[in-house]
Structures are given as structure tokens and as C-alpha cells.
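All remarks here apply to the structure that follows.
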Amino acid sequence: MKAAVIRKPGVVVVEEVPTPRPGPGEVLLKVEACALCGTDQRVLTGEKHVDVPIVGHEITGRAAALGAGVKGVAEGRRYIVQTVIGCGRCSMCARHRENLCEAGFTAMGYQYNGGFAEYMIMPKVAVDQGCLIAIPDDLPAEQGTLIEPLSCCVNGMAYIPMETLEHVVIFGGGIIGVLNGLVAKARGARCVTIMDVSPERLDLLRRLGLPFDNLVNSRQTDPADWVKEHTGGRGVDAVVVAASVKALVTVGMGLLARAGHLSIFAGMPKSDPVDRIDLNAIHYRELNVHGANSSAIDAYLAARDLVVEGKVFADRLVTHKFPLADFNKAFATQSDPASGALKVVIVP
Ligand SMILES: [Zn+2]
Ligand SMILES: [Zn+2]
């Protein structure tokens, strides 16, 4: 089979490799589509280390062969892949929150070969955990790849009562900011504002016709002034920081109304994650602060339903598709801010 193999940091070669065979408990997936994600980009440039030469974790596939003893998976059926695999023994895994596994989770495309290949193996631990999540036969494969990143947004907002909120601000107009905004809308937030510093990015979102109420250039317009003006001085009910910029956490806190919700969705630079914040702002104004770290089964099922029911405009989000042979072209497109790419998908 063909696969995009990382030879060394920054060098990916699409080449012929042996097609894997499923051992006991394993499932061979024929990859139908696999999307490029920001994390993959950091791996491909050598900024982040993974244990395997083939990455890709936003996957739609078809069960092509089952190893001995596999239960609950049907040969020929279509699935998307839950990325995170827990230890199965800790108190978090007992509650199906494998994304918070106390032993540290492993993941498809990080510790196990991923989806930038014609075929891939789902290991027994993942199959046993239920990481193959069935999708309808008529769901376009590229839309299926959105379920993984969407599930992370569903998870990050699980404790924010979107149904009751008047106004939500999202910092970051990349695919993750967009998916957060779409989940907020789908759950009933009345007004969703996307803020980004790139006019090209905001233009792209406008062209795609996504259902956001405001697209604000936060380089030209001060977010605090804008929010004051548009909320009668009250502030917004929730802010999601979907860009790895520490200052946005403090800026975001300053935008919140009393009892507001702040989601720190984006991870901050590992070399310098510390910042000063006014703890009394949280205390007296009863602010709620939320973390977000990948996702687990409940969030996947909710995300799958949002995509299948057409509630998140999944048909507009994949802007580019490439065959596996053009992997490097796809990677360059995803990395180029001028390319107009929101989500780039490989269709092997
Ligand atoms: Zn991802
Ligand atoms: Zn665990």
C-alpha cells in the first residue's frame, strides 16, 4: 500500500510499504479520508515528537478485515476513529474520560500508525475500548474527518450552558475556532462573534457563509471596546480562546459579564505557559474557567450527530482535498495562510 512516511523531521515521502495484517483483536481499516490537523503540522515540522512514522488522526474508514476474536465491529461497515486510548484501569477511564487518563493516554497517529495511508491497523486496546464509531453509509468521508476535532470542541464546552447564553466570543478563526463557534450556535447560543487578527481569514469565513453573527478584526478593533459597545457595557457570557496566545486569556476574562465562562481551549507554548491573572476578578465576579484536552466517547457521539444531522455546516468546512500522492502539496496548502484553506483532507 501507499503511505506518507515521515523519514525525518520535515521530510515526508509517499512510498510503498507493506499492507499491515490484523492480528488477534485488531481491525484493518481502509482509510477513506484523513484530515490534516495543526498537531500533525507540528509533528511534520519536527516541533513535536511522536512514536510512529505515519501520522493522521482525523479519520474516516471502512473495516476491511477483522482479526480473530473482534467483537462489535462489522466487516465492510464505515467508522470514524476515536483518537484517545486510556489505560482502562484508572478512575477517569472508569468514567469513560480516557482523555484525562491518570496514566496518560496513548493515541492513534501518535503511538500507533495513523491515517495518512491506504490502510491502517486499529490496535486491540482501541478496538476493545470502542474507538471505532459507526457512521451512516451516506456520510461523505471528508465530513466524517471533522467529527474528531468537533468532539474536542464539544468536550471543551461541555460545562458551558450554551442554551441559555446571549453572546459568545471566540478568539481564533481557524478550523478550531470555527468548530467551537458552530457548536455554540448548534447548542443555542444566540449570538456568536469570531475575532481574528487576519483579514484574509475573516474574509474566508464570510465567503463560506457560516452562521456567525459578527466577524471582528481584533487587530484593528480593540476587543474590549467592541464588546462594551455591543453588549451595553454588560460583557459577553462566554469566551473561548482557540488561539495559542497567552494574552488572550487575560483579554478574554476582561470581556466577560458576571458569572461568565472562559474556556482555555488552546494549549499555550510549553516553554512558557505561565501568566499573571487577577484572581479577584474570578472570585468576585464568579467567573467559570474551563480546560479542554482532546475528547472521549460521549463527545464523539454528540459530534457525530451534529455532523450527520447537518447542524454544523460540515459540507462547507473542507476547502481542499488531495490524493495521498500529493501529501506534501496538501501540507504546504494547510501551512500557507494565503491559500484560503480551512480544512485540508487527504483522500487516499
Ligand atoms: Zn487533530
Ligand atoms: Zn486511565
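No value in this document is a laboratory result; all are computed from the given coordinates. All of these numbers come straight from a predicted model, not from anything done at the bench. Cβ coordinates were reconstructed from backbone atoms using ideal geometry, including for glycine residues, and neighbour counts include every protein chain displayed.
For the chain, what does -39500 (n - 2.57) per DSSP helix run (n ≥ 4), summed and divided by total residues, give at 222 nm, in deg cm²/dmol to the nearest 500?
The per-residue figure over the chain is -7500 deg cm²/dmol.
Report the normalised scattering of the chain as log10 I(q)/I(0) at q = 0.07, 0.11, 0.12, 0.14 Å⁻¹, calculated by the Debye formula with identical scatterers on the alpha carbons.
With no solvent term, the Cα-only Debye profile gives -0.29, -0.73, -0.86, -1.15.
Please list, in chain and number order, the residues 5+ apart from residue 112 or on another chain whose amide H is under 5 Å from its amide H, with Hs placed from the backbone.
Correct list: 107.
Going by alpha carbons, how many degrees (0 to 90, nearest 10) lie between the helix axis of 147-156 and the longest principal axis of the chain?
The angle comes out near 40 degrees.
Beta carbons within 10 angstrom, averaged per residue: use that to sort the peptides 146-156, 161-171, highest first.
Final packing ranking: 146-156, 161-171.
Can you list the HN-Hα couplings for the stretch 244-256, worked out from phi with the Karplus curve (6.51, -1.76, 1.60; θ = phi - 60°), rounded to whole Hz and with x for Gly and Pro?
Taking θ as phi minus 60°, the curve returns 7, 10, 4, 4, 5, 5, 5, 4, x, 4, x, 8, 7 Hz for the stretch 244-256.
Indicate, rounded to the nearest 5 percent, the antiparallel portion of the DSSP beta bridges found entirely in the stretch 157-290.
0
For the ranges 211-224, 324-337, 253-266, what's the packing order if you count other beta-carbon atoms within 10 Å of each residue, average per peptide, and put the highest first?
253-266, 324-337, 211-224
According to the square roots a ≥ b ≥ c of the eigenvalues of the Cα gyration tensor, what is the shape class of the stretch 157-290, taking rounded for a/c under 1.5, prolate for a/b larger than b/c otherwise, and oblate for the remainder?
It comes out rounded by the Cα gyration axes.
Which percent, to the nearest 5, of DSSP beta bridges fully inside the chain are antiparallel?
For the chain, the DSSP antiparallel bridge percentage is about 50.
Using unit Cβ charges (K, R positive; D, E negative) and no other charged atoms, how large, in debye to the nearest 20, is the dipole of the stretch 157-290 about its Cα centre?
Its charge dipole is roughly 160 debye.
Shape verdict for the stretch 141-209, please, from the Cα gyration tensor: rounded (a/c under 1.5), prolate (a/b greater than b/c) or oblate.
Oblate shape, in that a/c is at least 1.5 and b/c is the bigger or equal ratio.
Could you work out how much longer the chain between residue 277 and residue 298 gets when fully extended? Use 0.36 nm per residue separation minus the Cα distance between them, nm to one decimal.
Length difference between fully extended and current span is 4.3 nm.
Once you place label points 7 Å from the Cα toward the Cβ at residue 225 and residue 7, how far apart are they in nm?
Label at residue 225, label at residue 7, 5.2 nm between them.
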